[in-house]
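The values are calculated or read from the model by the stated rules, or taken from the named source; none is laboratory data. Remember, it's a predicted structure, so these values are computed and weren't measured experimentally. For neighbour counting, all protein chains shown are included, and Cβ atoms are generated from backbone atoms with ideal geometry for every residue, glycine included.
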Amino acid sequence: MHRREIPAGGFHFIDSTLREGEQFRGTHFTLEDKREIAALLDQFGVEYMELSTPIASPQSAKAVRAIADMPRRFKLLTHIRANLDDAKLAVDCGIDGADVYIGTSNYMREYSHGKSLEQVIEIGQEVIAFLRANKVETRFSTEDTFRSNFADVMTVYRAMDLAGVDRVGVADTVGIADPLQTYNLISNLRDVVGCDIEFHGHNDSSCAVANAFSALQAGATHIDTTVLGIGERNGITAMGALIARLYTYDRALVEKYDLPLLAEIEGLVAEKLGIDIPFNTPITGAVAFHHKAGVHTKAVLNNPVTYEVIDPKDFGMSRIIDVAHRLVGRNAIRDRANGLGIDLGEDALQSVTAQVKSLADEQQITAADVDRILGETILPIDD
Ligand code: HCA
Ligand code: CU
């Protein structure tokens, strides 16, 4: 199958931290929190933000109105069920666009809304027509797309495209899709509709970032992300991780974003949630640029590219050369000594390295232990 190039200006992030992210366990964003997060994401350069439906609660409606009034560059969306009451309130709150969704899988049709495919199309057309008459951007997505009948979803997408929708949305609601399936479905859809295509993927089986990337390669134009990937259950595509993926594919793709702000945004959201940025988060996690084994540190000190595909400087992050363990090598110890203004001869270097290894074999050590051994080597302590 033909693989499309991802055009740098041709895709957009729809940040859903204030919608999907509100569905994360323990999220409780105040109005002020929402404003603060939106302002920082605006500065970062996300093209869209999606907020919880104003029908959910009075604060939800207040937040949509408040963010609609904020000075901002992103387009403001709200997520609504496929019905006119939700659409009317959304328009009244001053949105730029509405993300309409409805379930198309047998599960959803049977256990959720109970509508037939014809009824789904009919209500979709009605809501899209209303939104278009009110001059807002429209998107129509089919919840649980991958467990829906393929012909059914294509029929719905085609009908919505003909109804003049700006975007159709593919949703991996339960995190069941793999990258190849995502690629195939979106590729097929690309041939069926003329409008833009959005992808929303959950992370239940750890494929949310890979699937989003495949979606882009297949011709998707919009990707739903949240800060740190927060959302229902274990969440959706994390913005930072997708940026890492795109950066390693072609750095130019993400240059439109203010990359050094990523750590601050994730830090802000983590703080609001009362959690740490998970240690293994790409780019901003505590160990993202941590080098340990002697073989690695030697090469990284010679040229970081040997073991780093992302330049931490591009994100305002720094690299850590870990010297406090039994796998340490001479080059890392020399680097540490140089950092302390100590110039060790070869023999001293051998000796310090051996001492560090032997101490680390006995107990867990820290950089302070290494520094002490270095200090004692240049200033031998008399017995
Ligand atoms: C949900 C709905 C949704 C909607 C995605 C979309 C999903 O919260 O269950 O609007 O495209 O994952 O299907 O988030
Ligand atoms: Cu979702």
### Query
When you go through Asp224, Asp250, Asp258 one by one, which is the residue that is acidic (Asp, Glu) and touching a strand residue (DSSP E or B) at 6+ places or on another chain (Cβ under 7 Å)?
Asp224
## Note on the structure
Within the stretch 128-158, the residues that are of a type in the set (A, V, I, L, M, F, W, C) and either in contact (Cβ under 8 Å) with a residue 12 or more places away in the chain or within 15 Å of Asp99 (Cβ to Cβ) (or both) are Ile128, Ala129, Phe130, Leu131, Val136, Phe140, Phe146, Phe150, Val153, Met154, Val156
### Query
What single numbered condition from (1) within 22 Å of Arg73 (Cα to Cα); (2) surrounded by fewer than 23 Cβ atoms within 10 Å (Cβ to Cβ) fails to hold for Thr226?
(2)
### Task
Could you grab me the full set of residues in the stretch 262-280 that are in a helix (DSSP H, G or I) and free of Cβ contacts under 8 Å to residues at least 24 places away in the same chain?
Gly267, Glu271
### Query
Can you name the condition, by its number, that Val46 falls short on among (1) within 19 Å of Val209 (Cα to Cα); (2) touching a helix residue (DSSP H, G or I) at 6+ places or on another chain (Cβ under 7 Å); (3) away from ligand 2 (no atom under 16 Å from the Cβ); (4) in the same structural domain as Val120 (by TED's automatic domain parsing)?
(2)
### Query
Taking Ile283, is it under 19 Å from the mean Cα position of the chain (by Cα), crowded, with 18+ Cβ neighbours inside 10 Å, part of a loop (DSSP other than H, G, I, E, B) and modelled with pLDDT of 95 or more?
yes
### Query
Restricting attention to the stretch 304-311, does a residue exist that is surrounded by 15 or more Cβ atoms within 10 Å (Cβ to Cβ) and more than 18 Å from Tyr247 (Cβ to Cβ)?
no
### Task
Starting from the stretch 315-339, take each residue that is farther than 14 Å from Ala293 by Cα and list its partners that are assigned to a helix (DSSP H, G or I) and of a type in the set (Val, Ile, Thr), counting only C-beta distances under 7 angstrom and pairs at least six apart or across chains.
Arg336/Val370
### Message
Considering only residues that are part of a loop (DSSP other than H, G, I, E, B) and either at pLDDT below 95 or more than 14 Å from ligand 1 (Cβ to nearest atom) (or both), which ones fall in the stretch 149-165?
### Response
Asn149, Ala163, Gly164
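For every residue, the table says whether it meets (1) under 16 Å from Phe13 (Cα atoms); (2) more than 14 Å from ligand 1 (Cβ to nearest atom); (3) touching a Phe, Trp or Tyr at 6+ places or on another chain (Cβ under 7 Å).
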residue	(1), (2), (3)
Asp172	no, no, yes
Gln181	no, yes, yes
Asn188	no, yes, no
Phe199	yes, no, no
Ser214	yes, yes, yes
